[in-house]
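The next block holds one structure in the form of structure tokens; read it before the comments.
The values are calculated or read from the model by the stated rules, or taken from the named source; none is laboratory data. Everything quoted here is computed from the prediction, not taken from an experiment. Every residue, glycine as well, gets a Cβ built from its backbone with ideal geometry; the counts of neighbours run over all protein chains shown.
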Amino acid sequence: MSKDSARPGEIRDLAKKTWEVPELPERYLLDLRSECNLACPMCLLHGSDDDEAKEGAIGKMEFDQATQILDEIKEVKPLIQPSMWGEPLLAKNLRDHLQNMKDRGISVCMNTNGLTLREPLARFFVEVGLDSIFFSLDSTTPETLKKVRGVNKLQKIEDNLRLMLRVREEMGATMPRIGATFTVQDENEHELEEFIDKWVQEVDVVRVGTVFEDGGLTGISTPQERVPCGALYHTMPIHFDGNVSICCFDSFATEIVGNVFTDGGVKGVWHGDKLNKIRHYHETNQYDKVPFCKDCNAWAGYVYEEEVTKRAGVAVLERRSHQFVYYNRLDRMDSWHENLRGHEPPDFEALEQIDLDEFVAEEA
Ligand SMILES: C[S@@+](CC[C@H](N)C(=O)[O-])C[C@H]1O[C@@H](n2cnc3c(N)ncnc32)[C@H](O)[C@@H]1O
Ligand code: SF4
Ligand code: SF4
């Protein structure tokens, strides 16, 4: 693994995988409400200046409709992200939605801009057993935050992240797993290393991601040999109106593969002709027949390799794909529950064998 750069995009060749379609997807993006209190320039929905398209793509899902979906998928104990291109903390009845999910044994992982978190909600997250919460910070200075997220309230977001850490500790809990994320762009890249070193000392996991723009991930060295995209085999992005797009990057749902409320539920869409045809084109190397996927390179983001390493004097399990790098603190692995990000859990037993004090004290 290349350790020259903290940027994603530098892993060895992708492992060959067998592409199987499970009975139900294991991971869902559920667009409970697509509104947001920010308009980050890179955001594939709110960063757009096409107001008409945005109007059609923004809405909210009725509570009963969300429950209908949960009742269908609960048997596979999937993972849900309760937003797509929106801010989950703004969802109406958020607590009821989360309670509904957890009552059904579903893992819930959240990304948030963190601006509106308050102590009662943070306490609820612990009580309900939220599995993970990642705060999107993308910067170490208010000036850079302003450039990449359009606001300069870095102190507020950092305070709210630390509020979540404090509340969890006070309540004697290990969940939710708490992360800080940095989506790399030209405007913030100079703060990346400082960001990792700073937050790896406080949170359970730091995530570094690449930006998707103009139909692909930026700045990655795409492997020459293309493989079918993992998104088609494990993830279903369900927009507020029940429409399902090929993947989450289709923020305006331009290529709909079905609707979970009118086309036979989640199973009907998942095994429907449209998605099966797209998978067939991927498996037979006919990517040009799927316009949305044709020039995309994000398929390379679904295979990870990992290594135990050190960052700012902290022992971490570094998981690296072409899209993300995760710095998972080894002394906080107790917050890693079940099916956290839709990909395989690490070898916990092997990690427990590591003497962390000794490992950290070793010379590089
Ligand atoms: C779309 S947001 C939704 C949740 C929440 N509003 C937030 O910002 O965390 C989820 C994550 O996607 C990242 N993101 C935004 N635009 C992106 C893009 N064009 N490519 C890749 N990631 C992006 C954000 O930085 C955030 O970490
Ligand atoms: S906070 Fe999240 S949903 Fe809102 S504009 Fe930024 S990336 Fe998009
Ligand atoms: S190849 Fe790209 S556009 Fe197609 S499903 Fe995968 S991530 Fe989405």
Report the residue count in segment 298-323 for those that are modelled with pLDDT under 90, of a type in the set (A, V, I, L, M, F, W, C) and in contact with a helix residue (DSSP H, G or I) (Cβ under 6 Å, 6 or more places away or on another chain). 0
Being more than 16 Å from ligand 2 (Cβ to nearest atom), in a loop (DSSP other than H, G, I, E, B) and in contact with a helix residue (DSSP H, G or I) (Cβ under 8 Å, 6 or more places away or on another chain) is the filter here; which residues of segment 216-250 pass it? ILE220, THR222, PRO223, ARG226, VAL227, PRO228, CYS229, GLY230, GLY242, ILE246, CYS247
Give segment 173-213 a look and list any residue that's over 13 Å from TYR326 (Cα atoms), of a type in the set (Val, Ile, Thr) and either in contact with a Pro (Cβ under 8 Å, 6 or more places away or on another chain) or part of a strand (DSSP E or B) (or both), or say none. VAL184
Members of segment 211-221 that are closer than 30 Å to ARG329 by Cβ and at pLDDT below 95: LEU217, THR218, GLY219, ILE220, SER221
Filter result for GLY215 (more than 10 Å from ligand 3 (Cβ to nearest atom), surrounded by fewer than 22 Cβ atoms within 10 Å (Cβ to Cβ) and over 27 Å from ARG177 (Cα atoms)): no
Which numbered condition trips up LYS77, out of (1) touching an Asp or Glu at 6+ places or on another chain (Cβ under 9 Å); (2) under 24 Å from PHE249 (Cβ atoms)? (2)
Looking at (1) farther than 25 Å from TYR304 by Cβ; (2) within 13 Å of ligand 3 (Cβ to nearest atom); (3) in contact with a His (Cβ under 9 Å, 6 or more places away or on another chain), which one does CYS229 not meet, given that it meets all the others? (1)
I'm trying to understand the selection: among the residues of segment 285-338, which are under 19 Å from TRP19 (Cβ atoms) and either among the hydroxyl-bearing types (Ser, Thr, Tyr) or in a loop (DSSP other than H, G, I, E, B) (or both)? ASN285, GLN286, TYR287, VAL290, CYS296, ASN297, TYR302, VAL303, TYR304, SER321, HIS322, GLN323
Does segment 199-210 contain at least one residue that is within 16 Å of ligand 2 (Cβ to nearest atom) and exposed (fewer than 15 other Cβ atoms within 10 Å of the Cβ)? no
Output yes when any residue across segment 230-244 is near ligand 1 (Cβ under 10 Å from one of its atoms) and touching a strand residue (DSSP E or B) at 6+ places or on another chain (Cβ under 8 Å), and no when none is. no
Looking at segment 291-298, can you tell me whether even one residue there is surrounded by fewer than 22 Cβ atoms within 10 Å (Cβ to Cβ) and small (Gly, Ala, Ser)? no
For the structure I just gave you, tell me whether GLY129 is of a type in the set (Gly, Ala, Ser), within 16 Å of ligand 2 (Cβ to nearest atom) and either in contact (Cβ under 8 Å) with a residue 12 or more places away in the chain or under 28 Å from THR254 (Cβ atoms) (or both). no
Scan of segment 65-93 for residues that are surrounded by 17 or more Cβ atoms within 10 Å (Cβ to Cβ) and either among the small types (Gly, Ala, Ser) or more than 19 Å from PRO237 (Cβ to Cβ) (or both), ordered by number: ALA66, SER83, GLY86, LEU89, ALA91
